[in-house]
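The values are calculated or read from the model by the stated rules, or taken from the named source; none is laboratory data. Since we're looking at a predicted model, the values are computed, not measured. All Cβ positions, even for glycine, are placed from backbone atoms using ideal geometry, and neighbour counts span all protein chains on display. Surface accessibility is based on the protein's heavy atoms, side chains included, excluding ligands, DNA and RNA. Shrake-Rupley method; radii C 1.70, N 1.55, O 1.52, S 1.80 Å.
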Amino acid sequence: MAFETIERRLRYRPPLAMVPLMRFLGDRAIPGVESFDGTTFRRAVRTPEGEPTVIALTPRPEGDEVLLRMIAEGVGEPSSLVRTARRLFDLDADPLVIDAALSADPALRPLVRSTPGIRMPGAADGFELAVRAILGQQVSVRAARTFAGRIAEASGTPLERPQDGVTHLFPTAEQLAASSLGSLGLTKARAGTLRRMAELVAAGELDLSGVTDHAATAERLLAVPGIGPWTVAYVSMRALRDPDAFPAGDLGVRLGFETLGLPSTPAAIRGYADRWRPWRAYAVMHLWNDGHRGHESARA
């Protein structure tokens with residue numbers, strides 16, 4: 001079967017804060033699985049038929065669209081890959097509604113005005129995102145992506161046609177559950193958390209696709225030893241697509257509150273953030289974006 005190039009133009013409702021979105025995804029690009037050259041974001045994905053391919057996403061702000069391009073053998077109907085791409089860039093969000101709601105808070109209003117249309121970077125795969133979140137516990141973004149790259153190289157599936165630095169599919173839950181994680185530099189406890197989570201997903205006992213009840217999924221995640229509220233909130237934000245998920249204990253959130261001159265005790269943060277419902281996850285993106293120059297505000 002011959003390889004073919006498929007292109008789709010993905011429209012969205014402006015405004016879209018493309019610079020922080022691309023920076024967020026680029027800073028967290030898993031070596032071998034994803035790449036970002038300053039213009040185009042690429043990553044390895046599986047087609048609906050289970051075949052590996054690489055999708056390339058290039059913003060075209062002048063047309064309020066993102067160009068999706070893929071070269072693959074027998075992709076068939078690419079609608080699922082289009083959905084993946086739209087989820088990665090949060091193209092189905094309504095920025096006018098979200099910005100209006102968050103601008104009602106005088107403290108947050110300047111951030112919304114300076115970065116209108118901020119989006120919630122999504123995930124191509126919920127299991128992969130949960131792995132990232134576990135790896136990102138109490139470490140820098142750079143360290144988390146390094147560990148993720150090691151896992152991809154050791155346990156992922158090599159591509160027959162690497163493209164622009166994208167060489168591997170991230171391992172499935174089944175692959176990771178069967179892998180040895182002892183030589184990757186992870187602590188024994190963290191490797192155990194990854195393995196247990198992978199086993200639950202592989203057995204169908206934990207669904208991270210975002211289509212099941214979010215509260216039930218969050219509760220099941222929280223029951224895994226080594227997974228706490230921050231990890232659950234991060235997975236809820238990016239994989240489960242919960243617009244109101246809120247990592248109250250996140251360092252970047254606390255620093256963001258301090259920068260805004262707001263009380264920053266855990267109780268004060270939770271109480272104040274209630275005024276941002278049901279868009280607290282987008283408020284977090286504003287806080288992380290505002291603090292980007294001063295610190296690594298978001299892990300994983």
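For the pair F3 and E174, a Förster radius of 45 Å applied to the C-beta separation gives a FRET efficiency near 0.95, rounded to the nearest 0.05. Here the range 92-131 was treated as a single set of alpha-carbon atoms; its pair distances binned every 10 Å from 0 give 27, 38, 23, 12 percent.
For L159, nonlocal amide neighbours, meaning residues 5 or more places apart or on other chains whose placed amide H falls under 5 Å from its own, are H168, L169. Given axes a ≥ b ≥ c from the Cα gyration tensor, I'd like to know whether the range 120-160 is rounded (a/c under 1.5), prolate (a/b larger than b/c) or oblate. Cα axes put the range 120-160 in the oblate bin.
When all alpha-carbon pairs of the range 222-289 are counted, what percent fall beyond 20 Å? I get 23 percent for the Cα pairs in the range 222-289 exceeding 20 Å.
Given C-alpha coordinates of the range 1-83, what is the ratio Rg to Rh with the Kirkwood estimate of Rh? Ratio of gyration radius to Kirkwood radius for the range 1-83: 0.98. Estimated at 0.36 nm per residue, the fully extended path between R270 and S183 surpasses their Cα-Cα distance by 27.4 nm. Using a probe radius of 1.4 angstrom, the carbon and sulfur fraction of the accessible surface of the chain is 51%. Between E205 and V97, the simple label model (points 7 Å from Cα in the Cβ direction) yields a spacing of 3.7 nm. Each label point was placed 7 Å from the Cα along the Cα-to-Cβ direction; for R23 and H214 their separation is 2.6 nm. Classify the range 15-58 from the C-alpha gyration tensor, please: rounded if a/c falls under 1.5, else prolate or oblate depending on whether a/b exceeds b/c. It comes out prolate by the Cα gyration axes. Put simply, the range 25-165 fits an ellipsoid with semi-axes of 29, 21, 13 Å; these come from the alpha carbon gyration tensor as the roots of five times its eigenvalues, largest first. Length gained on full extension, H292 to S114, computed as 0.36 nm times the residue gap minus the Cα-Cα distance: 62.7 nm. Here the 3J(HN,Hα) profile of the range 117-124, calculated from phi with Karplus coefficients 6.51, -1.76 and 1.60 at θ = phi - 60°, is x, 5, 10, 9, x, x, 9, 6 Hz, Gly and Pro shown as x. Could you compute how fast the chain diffuses translationally, taking Rh as the Kirkwood radius over C-alpha pairs and applying Stokes-Einstein at 37 °C with viscosity 0.692 mPa s? Give it in µm² per second. Rounded to a whole number, D works out at 167 µm²/s.
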